[in-house]
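So the structure is just underneath, and the comments pick up after that.
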Amino acid sequence: MEPCGYGAFMSVFRGLQLSIQQAVMLAVATAVIGPLLLLWPLDQAITRQTQEPLLEQSRRASLLLTAATLVEPLWSIDETATARVAREALEEPAVLGLRLIENRPDAKPLLFMREGAELQGSIVLHTELLREGERLGRLEMHFDPAQIDRLLTERLQSSLLMAAAQTLFGLTVLTWVLYRRLAKPIGKLMQQASGLATRGQQGRVSWGRRDELGELGTHLNAVHDQIDTLFEQLQTQKTEIEQVALYDALTGLPNRTLFAELARSAVASARRDGSQLALLFVDLDRFKAVNDAFGHPGGDHLLRELATRLQASLREADVVCRHSGDEFLVLLHGVRGREVVAATADRLLQALEAPVDIDGREAVITASIGIAIFPDDAADHETLVRHADTAMYVAKRLGRDRHSFFREEFDELLKATQALEHELEVALAQDQFELHYQPQVGAADGITAGCEALIRWRHPERGLVPPGSFISAAEQCGLIADIGAWTLRTACRQIAAWKAAGVPFGSVAVNVSALEFRSRRLLDTLASAMAEHGVQAHELELEITESVLMTDTDSAQRILSRLRELHMPLAVDDFGTGYSSLAYLKNLRPSKLKIDRSFVRHIEDDPDDRVIVQAIVSLAHSLGIRVVAEGVETEGQRAFLRDIGCELIQGYLVSRPQPAADAARFMCGAREPEDAVA
Ligand code: C2E
Ligand code: MG
Ligand code: MG
C-alpha cells in the first residue's frame with residue numbers, strides 16, 4: 001500500500017537518519033518558522049484593516065493642511081508661493097500629485113506632479129478652497145494607492161528580520177543548551193557504552209552531573225562494575241573448568257584429553273621433521289591390593305607420589321598423563337633408538353619400585369610398561385596408545401614388573417585373549433564348567449584320604465579344556481573370583497551328595513587362586529556354601545600356592561587368620577616351585593604340603609630331586625605337617641615316597657582326575673589298599 005499522510009512523513013523522516021542533535025535543531029527551527037509562516041497572512045489582513053482608516057485620515061489631514069496653506073497665495077494670486085506650497089505637499093511620499101482649479105475666470109487649472117508618477121488609479125481627494133466665505137477654487141490631491149502595500153512590505157521585512165534574529169538567537173541558545181545538556185553527555189554515554197561493549201578503557205566514566213543522563217551514566221558505571229566482577233568470576237571459573245577439563249584432579253598431571261592434544265601435535269611435528277616418538281603405557285601391578293591394604297586414601301597418596309616420581313624421572317619436554325585409575329601415559333620426544341627408550345622405561349620402573357611411605361607403613365608396587373614407537377608401530381596417536389596398551393598387556397603376561405615393545409603379532413594375541421575372556425563369561429553364564437576329582441591315597445596303604453577338585457571347561461566346540469588353558473586368563477580379567485565361587489559351591493554340593501550317598505571321600509581339596517585372597521568375598525562365599533550344604537570344616541580343604549603366603553597385603557593376611565580361626569584345613573600347593581619360605585610355613589601351619597610334580601617326576605633317577613623331596617618331607621614332619629606327593633605315575637616313585645615317609649600320593653598311578661560319579665566309584669571300590677594301588 002502507498003504510504004500516505006503521517007505515515008509517509010514519518011517514513012521520509014526516518015529515511016533522513018538524523019542524529020538527535022539534528023532532529024532537535026530541525027524541530028526548533030520548525031517551531032519558530034512554522035508559526036511565523038502561518039500567522040503572516042493573518043497579520044497582513046489585520047494590519048491592512050487597522051492601517052487603512054489611519055492612512056485615510058492622514059490623507060485627509062494632508063489635503064486639509066495643503067488646502068489651508070494654499071488659501072493665502074491664491075487669494076493674493078502669488079503664483080510662486082502657490083507652487084512652493086504645492087512642492088512642499090509633494091514632498092510627502094504618499095502624495096503623487098495635486099490639481100488646483102481656481103475660480104478666477106481666466107485662470108487655468110494647475111497640475112503639480114511627482115516626477116515619474118502615474119495618476120491613473122490613484123486615490124483622489126478634493127476640497128473647496130474658501131477664504132472668509134469666498135470660494136477661491138478647488139484642490140484635488142492624488143494619493144499613492146500602493147502606500148498600504150509598501151507599509152505591509154516594510155512591516156513584513158521588519159517581522160522577518162525579527163523572526164530571523166529570534167530564530168538565530170533561539171537556535172544559538174538552544175544549541176548551546178542542547179550541546180551542554182544533551183549532545184555532550186550523549187556523546188559521553190555513547191563512548192561509555194562502546195567502551196562497555198568492547199571491554200575497553202572507557203567503560204567507566206566519571207559523572208559529576210545529577211540530571212537524567214548523569215544518572216544513566218552512573219547506572220552504566222554500576223553495570224560496568226558488575227560486568228567487571230562477572231568477567232573476573234568467569235575468568236576464574238574458566239581457569240577452574242580448564243583445570244578440571246584438562247588436568248587430573250588427583251595428581252595434577254595432564255589428563256587424557258590434554259595428553260591427546262599434545263600427543264597429536266607431537267606426532268604432527270615428528271612427521272614433519274622425521275623424528276621418532278615413543279609412547280609408554282605404564283600400568284601399576286596389583287594396585288588393587290594397595291587399595292585393599294591401605295584404603296582408598298592410601299591408594300590416592302601412592303598415585304600422587306608415583307605421578308611425582310614419573311615426572312621427576314623424565315625430561316621437561318616429555319609429557320606424562322594419568323590415563324585412568326592406575327594407568328599413566330608417557331610421551332618421549334626425539335627418541336634415538338629402542339635401547340634409549342628401553343633404558344628410560346627401566347629407569348621409570350626403578351623409580352616406581354622404591355617403597356612409598358603411607359602413614360608410616362611402606363608400600364611397594366611394581367609396574368608393567370608397554371612401548372609403541374612412532375612411526376614404526378603406528379602412524380597416529382590413537383593407534384600408538386592402543387599398541388602401547390597391547391604391549392603393556394604382554395608385559396603383564398610375561399610376569400609384570402617389566403617393559404615390552406609392541407610387535408605386530410601382539411595384536412592377534414590380544415584379540416585371542418579377549419575372545420577367550422569373553423568365552424569364559426559365556427561359560428560361567430551357561431554353566432559349562434565341571435569339577436573332576438582326583439583321589440589322594442595313603443602311600444603305604446592306598447586308602448583314600450581325600451580328593452582334589454580340579455576344574456574342567458566343557459567347551460561346546462573344543463571339548464574338555466584343562467584349567468591350564470584358562471585359569472590364568474580368568475585371573476587376568478578378574479573372572480577368577482566368580483569361577484572360584486562356583487568351584488567352592490559345586491565342591492560343597494558334591495560333599496553333601498557324597499555324604500548322603502555314604503561315599504568315603506575323606507575331604508575335598510579345592511584350589512583357590514592367590515587373587516581370591518584380595519577380597520573378603522572368598523570368606524563370604526565359603527561360609528554361605530558350607531552353611532547351605534551342611535559342610536564341616538574338616539570335610540573341605542583349601543589349596544593355596546606359596547604366593548598367597550608371601551602376599552603382604554592386609555586382606556590376604558586377614559583372610560588367612562580368619563581361616564585358621566575357623567579351623568579350615570589348608571594345603572600349600574606346588575611346594576618347592578616358589579619361595580619355599582620356611583618362616584611362612586611356621587606361621588601358617590598348613591595341614592598339608594603338596595610336593596610339586598616337577599620334583600616327583602625324576603625322583604627315580606635324579607639324586608638331587610630325591611634329596612630335595614626327602615628334605616621337604618622331613619621339614620614338613622618336623623613342623624607336624626602331612627605331605628602329599630603330586631604327579632605320582634610309577635610304582636617306583638610310590639615306593640620311594642613311601643620309604644621316606646611321605647604320607648599321601650596323588651597321581652595317574654592311583655587315578656586320573658575323573659567326573660564325580662567315577663571318582664565316587666573309585667573311592668567306594670578302593671577301600672582295599674591293594675586294589676587301589678594296583
Ligand atoms: P594343581 O593344583 O597342582 O593340580 C594338579 C595337577 O596335576 C592337575 O592338573 C592334575 O590333573 C595333574 N596331575 C595329577 N596327577 C598327575 C600325574 O600323575 N601326571 C601328570 N602329568 N599330571 C598329573 P590340572 O587338572 O590340569 O590342573 C592344573 C592346575 O590348575 C592345578 O594344579 C591348579 O593349580 C589349577 N586348578 C585346577 N582346578 C582349579 C580350580 O578350581 N581353581 C583354581 N584356582 N585353580 C585350579
Ligand atoms: Mg592343587
Ligand atoms: Mg599342584
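The values are calculated or read from the model by the stated rules, or taken from the named source; none is laboratory data. Please read all numbers here as calculations on a predicted model, not as lab measurements. Cβ: placed from backbone, ideal geometry, glycine included. Neighbour counts: every protein chain shown.
So the values come out like this:
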read-out: Inter-residue pairs, beta-carbon under 6 Å, first among the small types (G, A, S) and in segment 625-642, second not in a loop (DSSP other than H, G, I, E, B), 6+ apart; value: A629/I595; A629/V600; A629/L641; A629/I649; G631/R597; G631/V600
read-out: Residue within segment 425-442 that is under 30 Å from I369 (Cα atoms) and either more than 16 Å from ligand 1 (Cβ to nearest atom) or not in a strand (DSSP E or B) (or both) present; value: yes
read-out: Check on S269, among the hydroxyl-bearing types (S, T, Y) and either in contact (Cβ under 8 Å) with a residue 60 or more places away in the chain or farther than 18 Å from P375 by Cα (or both); value: no
read-out: Helices (runs of 4 or more DSSP H) contained entirely in segment 476-559, each with at least 1 residues that are away from ligand 1 (no atom under 15 Å from the Cβ) and out of contact with any Phe, Trp or Tyr (no Cβ under 6 Å at 6 or more places or on another chain); value: 480-501, 521-533
read-out: Pairs where the first residue, in segment 572-599, is at positive phi and the second is within 16 Å of ligand 2 (Cβ to nearest atom) and not in a helix (DSSP H, G or I), C-beta under 6 Å, 6+ apart; value: D574/T545; D574/D596; G576/D596
read-out: Top-ranked residue of segment 316-356 - restricted to ones that are acidic (D, E) and part of a loop (DSSP other than H, G, I, E, B), ranked as nearest to S275 (Cα to Cα); value: D318
read-out: Members of segment 569-583 found to be aromatic (F, W, Y) and farther than 16 Å from R626 by Cα, listed by number; value: Y579
read-out: Of all residues making up segment 628-648, the number that are outside any helix (DSSP H, G or I) and either touching a Gly at 6+ places or on another chain (Cβ under 8 Å) or more than 16 Å from ligand 3 (Cβ to nearest atom) (or both); value: 10
read-out: Test: residue in segment 54-61 that is in contact with a strand residue (DSSP E or B) (Cβ under 7 Å, 6 or more places away or on another chain) and surrounded by 13 or more Cβ atoms within 10 Å (Cβ to Cβ); value: yes
read-out: Subset of segment 602-615 that is over 23 Å from L549 (Cβ atoms), within 16 Å of ligand 1 (Cβ to nearest atom) and of a type outside the set (D, E, K, R) - its residue that is surrounded by the most Cβ atoms within 10 Å (Cβ to Cβ); value: I603
read-out: Selection count where residues are assigned to a helix (DSSP H, G or I) and small (G, A, S), scope segment 217-253; value: 3
read-out: Segment 508-526, residues that are away from ligand 3 (no atom under 16 Å from the Cβ), surrounded by fewer than 20 Cβ atoms within 10 Å (Cβ to Cβ) and in contact (Cβ under 8 Å) with a residue 12 or more places away in the chain; value: S519, R520, R521, L523
read-out: Sole residue being touching a strand residue (DSSP E or B) at 6+ places or on another chain (Cβ under 9 Å), small (G, A, S) and surrounded by fewer than 18 Cβ atoms within 10 Å (Cβ to Cβ), chosen from S622, S598, S618; value: S598
read-out: All positions within segment 571-587 that are within 16 Å of ligand 2 (Cβ to nearest atom) and surrounded by fewer than 22 Cβ atoms within 10 Å (Cβ to Cβ); value: D574, G576, T577, G578
read-out: Condition check for I371: in contact with a Leu (Cβ under 7 Å, 6 or more places away or on another chain), assigned by TED's automatic domain parsing to the domain that holds R304 and either surrounded by fewer than 22 Cβ atoms within 10 Å (Cβ to Cβ) or part of a loop (DSSP other than H, G, I, E, B) (or both); value: no
read-out: Count - residues of segment 98-114 that are surrounded by fewer than 13 Cβ atoms within 10 Å (Cβ to Cβ) and in contact with a Leu (Cβ under 9 Å, 6 or more places away or on another chain); value: 2
read-out: Identity of the residue in segment 569-601, of a type in the set (S, T, Y) and assigned to a helix (DSSP H, G or I), that ends up farthest from ligand 1 (Cβ to nearest atom); value: Y584
read-out: A473 vs. criteria modelled with pLDDT under 95 and either assigned to a loop (DSSP other than H, G, I, E, B) or buried (at least 18 other Cβ atoms within 10 Å of the Cβ) (or both); value: yes
read-out: Residues that are in contact (Cβ under 8 Å) with a residue 12 or more places away in the chain, more than 15 Å from ligand 3 (Cβ to nearest atom) and surrounded by fewer than 19 Cβ atoms within 10 Å (Cβ to Cβ), drawn from segment 450-468; value: R456, R458, H459, P460
